[in-house]
Amino acid sequence: MTGIADKIIRRVRAKGRGKWVCTPKDFLDIGSRAAVDQALSRLVKSGDLRRVGHGLYDLPRISGVLKRPAPVNIDSAVAAVARRDSVRIMNDGIASANQLGLTNAVPAKTTYVTDGATRNVKIGGRTIRLRHAGPNVMSWAGKMSAPVAQALRWLGPQAATDDRVTMMLKQKLPDNVKKDLIRNSAHLPGWAASIVHDVADQHAEAV
């Protein structure tokens, strides 16, 4: 391997097998774009890396059950797309509500929201939908309470105002997430902001 390829594979291995999806942009500090592209191509040909999408690579872990490379980590791949394309991306509402235990519904398609263009991205043989969302939604990107905001928006004012939703969020959310919700509640519709204050009322004056 070349010096650049050696540095690339060391950096990827340091992130953990199967845990990080990278793009050429992640290595421009160690070589030109052309040199990085060539090194990544060589690493794929040698079997050291796996190409999981256009300009997306990982160091796959081997499934103990199937005895073959496990599927790519979709969340890590989507994070790599965000870095590659200089956009923000986060889970959509139904996925967030499902993760929080607020619904048993499972999305028919894997969808994320973004401040970039609406489009489909192929990752690891799957089609991922990126749907453009407005500033109020995307202002939550990167915030620890973003899944809660997304879940409330998806539930809507009728379902979200169910007392069981408030009680569940009160019990499940750690204090730092509740504080983050209060801190950013101005970016929510009025009905959702009211729920947030009910969920995190003990933190409202501390923010």
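What follows draws every value from the coordinates through simple rules; no lab data is involved. No experiment lies behind these values; they were computed from the predicted model shown. Backbone-built Cβ (ideal geometry, glycine too); neighbour counts: all protein chains shown.
All but one of (1) exposed (fewer than 15 other Cβ atoms within 10 Å of the Cβ); (2) in a helix (DSSP H, G or I) hold for GLY142, so report the exception by its number.
(2)
So ARG83 ticks every box in (1) among the basic types (Lys, Arg); (2) surrounded by fewer than 17 Cβ atoms within 10 Å (Cβ to Cβ); (3) touching a Gly at 6+ places or on another chain (Cβ under 9 Å) but one. Which box is left unticked?
(3)
Out of segment 176-191, which residues are over 21 Å from ASP163 (Cβ atoms) and assigned to a helix (DSSP H, G or I)?
Answer for segment 176-191, where residues must be over 21 Å from ASP163 (Cβ atoms) and assigned to a helix (DSSP H, G or I): ASN176, LYS179, ASP180, ARG183, ALA186, HIS187.
So which residues in segment 7-36 are loosely packed, with under 14 Cβ neighbours inside 10 Å, of a type outside the set (Lys, Arg) and outside any loop (DSSP other than H, G, I, E, B)?
ALA14, ALA34
Looking at segment 145-165, which of the residues that are without any contact (Cβ under 8 Å) to a residue 40 or more places away in the chain and crowded, with 16+ Cβ neighbours inside 10 Å is farthest from GLY190 (Cα to Cα)?
SER145
One line per residue, one yes/no per condition, for (1) in contact with a helix residue (DSSP H, G or I) (Cβ under 9 Å, 6 or more places away or on another chain); (2) under 24 Å from THR110 (Cβ atoms):
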{"residue": "LYS7", "(1), (2)": "yes, no"}
{"residue": "ARG13", "(1), (2)": "no, no"}
{"residue": "LYS25", "(1), (2)": "yes, yes"}
{"residue": "LEU28", "(1), (2)": "yes, no"}
{"residue": "GLN38", "(1), (2)": "yes, no"}
{"residue": "ARG50", "(1), (2)": "yes, yes"}
{"residue": "GLY64", "(1), (2)": "no, no"}
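If VAL148 satisfies every condition in (1) β-branched (Val, Ile, Thr); (2) touching a Ser or Thr at 6+ places or on another chain (Cβ under 8 Å); (3) under 24 Å from LEU56 (Cα atoms) but one, which is the exception?
Failing condition for VAL148: (3).
I'd like the full set of residues that are aliphatic (A, V, I, L, M) and part of a helix (DSSP H, G or I), limited to segment 164-175. Spell out the reasoning first.
Kept after step one, since they are aliphatic (A, V, I, L, M), are these residues of segment 164-175: 165, 167-169, 173.
Answer for segment 164-175, where residues must be aliphatic (A, V, I, L, M) and part of a helix (DSSP H, G or I): VAL165, MET167, MET168, LEU169.
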